[in-house]
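Notes follow the structure.
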Amino acid sequence: MTAEVPSAPLLEMRGVDKAFGGVPALRQARLVIAPAQVHALIGQNGAGKSTLIKVLTGAYARDAGSIRFGGQDVAFAAPLDAQRVGISTIYQELNLVPQRSLAENIFIGREPIRFGLIDWRRIHEESARILSRFGLAVDVMRPLHACNTATQQMTAIARAVSTRARLVIMDEPTSSLDENEVQTLFGVIRQLQADGVSVLFVSHKLDELYAVCERITVMRDGQTVAERAMQDMGRLELVATMLGKELSALQGARRAAPDAAAPEVLRVEHLQGGRVHDASLAVRRGEIVGLGGLLGSGRTELARAVFGADRAESGEIRINGQHARLEQPADAIARGVAYLSEDRKTEGIVADLSVRENLTLVLLPQLTRLGVVDAKRQLEVTQEFIRRLGIRCAGPEQPMRELSGGNQQKVLLARWLAARIELLLLDEPTRGIDVGAKAEILQLIRGLADEQGLAVLMIASELEELVGASDRVTVLRDGRSVAELEGSELTEAAVMNAMAHASPGEAAHG
């Protein structure tokens, strides 16, 4: 198994151009995939990944360039044409029919006929056989909507395989899967590769790319900017390539020595309530404190208690040195505390409202007089924060649902910054955001701490992100603070060790 492209690729896309309304979306883009190769395609939102895939599969017509598949020049008029020659796409939003059975979804539109009638026996037998190859023993006559996300994902893959695909395109296939389900999917990908099928794997999760891919193509601004063996491209170099920045610009985000004399904005002492059993931590002005722990360790519950969204049963919360009685979020907001939930779509943005309306939501009481919103001032605030935070949008009136995940997160940050907060609680601030935008969001948060003295408590599941962005890290285990790490002690290995082995008696309550 080799990461090098052989002399006879399965797919060659070269010099591909595509413009919409005169605005280039692809410029001399290229993508070369070998037979039986797992190939990563990565880039920020708007880099051209989706457009390149749609040009390949016939959803868009290319303006220039060539496409060869299996040694033949191809120009597909529609995705069905691409499927007929062996290119199958599994989109992030699964295009399945929930009310139909697993078997029906696998063979929909391609039902085998026997004596003029649909051969249901063959459909059920073939579906069960294909799914069993992926270690899935399930009733194929069961309605899709009654199955979990992983089974639905495997059904989409089974449909792709049943078409005798030679290239399977997977667009963010793990976005709704848990860790065990991700490992099952990786097993399926390796099985496809062993059967001679190539896989184009689109993801923003670096751990996944390095775990399963052999080769990578990086896109930026509609162009292919790197094609390398996966093992030859380090993580920082990959992010730097995506952003178009020097590698040194992404290194050393964490300060070597945070100001130990800075005043404390937050102190939590022996907090209890729900999954939180004995949690203590402190956050100083201008400091980013990471909150680490496994799922179920009480990280989110602790942040919600500090925000007044969950009630603490005992213990103390002090904000700016004063005891804080937080019975509801309004009490925390009045003290300069803001909270960004990990569920951005449900608990953050209002998708159908504009950027302007979303950004000034918290500020509305200050912008309203006698029941009338000062529209001029509202627009001024919106434009100021679009500029300050580098929010990429068509303008203040663009609906939030049309923005990328990274730009939605910037609007939510701007919403609270406009309210002049002192403490920012971030729960998985880069979840669902592409790699380049992740680095941008983390640099933005670092700048807010350094330049404006904002105190930040940040929950992050990715250890590289947690360690790289934090001045100190407090680790929770089973609802208890079990370690506080900083300086040379703050390493991924030390955080993992604290998650797995530290005992409650070792808790550090700095």
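The values are calculated or read from the model by the stated rules, or taken from the named source; none is laboratory data. For clarity, every value in this text was computed on a predicted model and none was experimentally measured. A quick note on method: Cβ atoms are made from the backbone with ideal geometry, for glycine too, and the neighbour counts reach across all protein chains shown.
Can you find even one residue in the range 201-208 that is at pLDDT 90 or above and either crowded, with 19+ Cβ neighbours inside 10 Å or of a type in the set (S, T, N, Q) (or both)? Can you show your working first?
Going through the range 201-208, the residues at pLDDT 90 or above turn out to be 201-202.
Then keep just the ones that are either crowded, with 19+ Cβ neighbours inside 10 Å or of a type in the set (S, T, N, Q) (or both); that gives 201-202.
Yes; the residues of the range 201-208 include at least one that is at pLDDT 90 or above and either crowded, with 19+ Cβ neighbours inside 10 Å or of a type in the set (S, T, N, Q) (or both).
Quick check on the range 366-386. Is at least one of its residues closer than 23 Å to residue 458 by Cβ and surrounded by fewer than 14 Cβ atoms within 10 Å (Cβ to Cβ)?
Taking the range 366-386 and keeping what is closer than 23 Å to residue 458 by Cβ, we get 385.
So of that shortlist, the ones also surrounded by fewer than 14 Cβ atoms within 10 Å (Cβ to Cβ) come out as none.
No, because not a single residue in the range 366-386 is closer than 23 Å to residue 458 by Cβ and surrounded by fewer than 14 Cβ atoms within 10 Å (Cβ to Cβ).
Being without any contact (Cβ under 8 Å) to a residue 40 or more places away in the chain, out of contact with any Gly (no Cβ under 7 Å at 6 or more places or on another chain) and over 30 Å from residue 242 (Cα atoms): is that true of residue 330 here?
So residue 330 passes the test.
Quick one: count up the residues across the range 125-177 that are among the β-branched types (Val, Ile, Thr) and in contact with a strand residue (DSSP E or B) (Cβ under 7 Å, 6 or more places away or on another chain).
Going through the range 125-177 one residue at a time, the tally reaches 5.
Restricting the range 9-34 to residues that are free of Cβ contacts under 8 Å to residues at least 12 places away in the same chain and assigned to a strand (DSSP E or B), which is surrounded by the fewest Cβ atoms within 10 Å (Cβ to Cβ)?
Across the range 9-34, the extreme among qualifying residues is 23.
Answer with yes or no whether residue 367 is outside the structural domain of residue 442 (by TED's automatic domain parsing), under 23 Å from residue 454 (Cβ atoms) and not β-branched (Val, Ile, Thr). So that I can check it myself, show each step before the final result.
Values: outside the structural domain of residue 442 (by TED's automatic domain parsing): yes; under 23 Å from residue 454 (Cβ atoms): yes; not β-branched (Val, Ile, Thr): yes.
Yes.
Condition check: out of contact with any Gly (no Cβ under 6 Å at 6 or more places or on another chain) and either at pLDDT below 85 or more than 27 Å from residue 359 (Cβ to Cβ) (or both). Does residue 444 satisfy that?
It is true that residue 444 is out of contact with any Gly (no Cβ under 6 Å at 6 or more places or on another chain) and either at pLDDT below 85 or more than 27 Å from residue 359 (Cβ to Cβ) (or both).
What number of residues within the range 23-52 are among the β-branched types (Val, Ile, Thr) and modelled with pLDDT under 95? Talk me through it step by step, then tell me what you get.
Taking the range 23-52 as the starting set, the residues that turn out to be among the β-branched types (Val, Ile, Thr) are 23, 32-33, 38, 42, 51.
Narrowing the set further to residues that are modelled with pLDDT under 95 leaves 23, 42, 51.
So the count comes out to 3.
So, residue 97, is that one part of a loop (DSSP other than H, G, I, E, B) and surrounded by 18 or more Cβ atoms within 10 Å (Cβ to Cβ) or not?
Working: part of a loop (DSSP other than H, G, I, E, B): yes; surrounded by 18 or more Cβ atoms within 10 Å (Cβ to Cβ): no.
It is false that residue 97 is part of a loop (DSSP other than H, G, I, E, B) and surrounded by 18 or more Cβ atoms within 10 Å (Cβ to Cβ).
If a residue has to be over 18 Å from the mean Cα position of the chain (by Cα), crowded, with 21+ Cβ neighbours inside 10 Å and not charged (D, E, K, R) to count, how many in the range 214-232 make the cut?
Qualifying residue count for the region: 4.
Show the residue pairs meeting these rules: Cβ distance below 6 Å; 6+ apart or different chains; first residue within the range 123-142 and among the β-branched types (Val, Ile, Thr); second residue at pLDDT 85 or above.
Short answer, once both residue conditions are applied: 123/103; 123/107; 140/102; 140/103; 140/124; 140/127; 140/128.
Against the conditions (1) at pLDDT 90 or above; (2) within 21 Å of residue 437 (Cβ to Cβ), where does residue 337 fall short? Just the number, please.
Residue 337 satisfies all of (1) at pLDDT 90 or above; (2) within 21 Å of residue 437 (Cβ to Cβ) except (2).
Which of the following residues is modelled with pLDDT of 90 or more and either not in a loop (DSSP other than H, G, I, E, B) or not charged (D, E, K, R) (or both): 317, 349? Before the answer, list the steps.
Numbers: 349 fails: modelled with pLDDT of 90 or more.
The conditions single out 317.
Within the range 451-472, restricting attention to residues that are aliphatic (A, V, I, L, M) and assigned to a loop (DSSP other than H, G, I, E, B), which residue is farthest from residue 243 (Cα to Cα)? First the steps, then the outcome.
Here is the first cut: in the range 451-472, the ones aliphatic (A, V, I, L, M) are 454-460, 463, 466-467, 469.
Next cut, assigned to a loop (DSSP other than H, G, I, E, B) only: 454, 460.
Numbers: 454: 26, 460: 22 Å.
Going through the qualifying residues, I end up with 454.
Using the structure shown, decide if residue 467 is surrounded by fewer than 22 Cβ atoms within 10 Å (Cβ to Cβ), touching an Asp or Glu at 6+ places or on another chain (Cβ under 7 Å) and either aliphatic (A, V, I, L, M) or at pLDDT below 80 (or both).
yes
May I ask you to verify whether residue 196 is without any contact (Cβ under 8 Å) to a residue 40 or more places away in the chain, surrounded by fewer than 18 Cβ atoms within 10 Å (Cβ to Cβ) and closer than 21 Å to residue 83 by Cα?
no
Can you tell me which residue is farthest from residue 34 (Cα to Cα) among those in the range 75-93 that are assigned to a loop (DSSP other than H, G, I, E, B) and in contact with a Leu (Cβ under 9 Å, 6 or more places away or on another chain)?
Here the residue is 76.
Applying the selection to the range 112-146, what residues are assigned to a loop (DSSP other than H, G, I, E, B), surrounded by 14 or more Cβ atoms within 10 Å (Cβ to Cβ) and at pLDDT 85 or above?
119, 138, 140, 141
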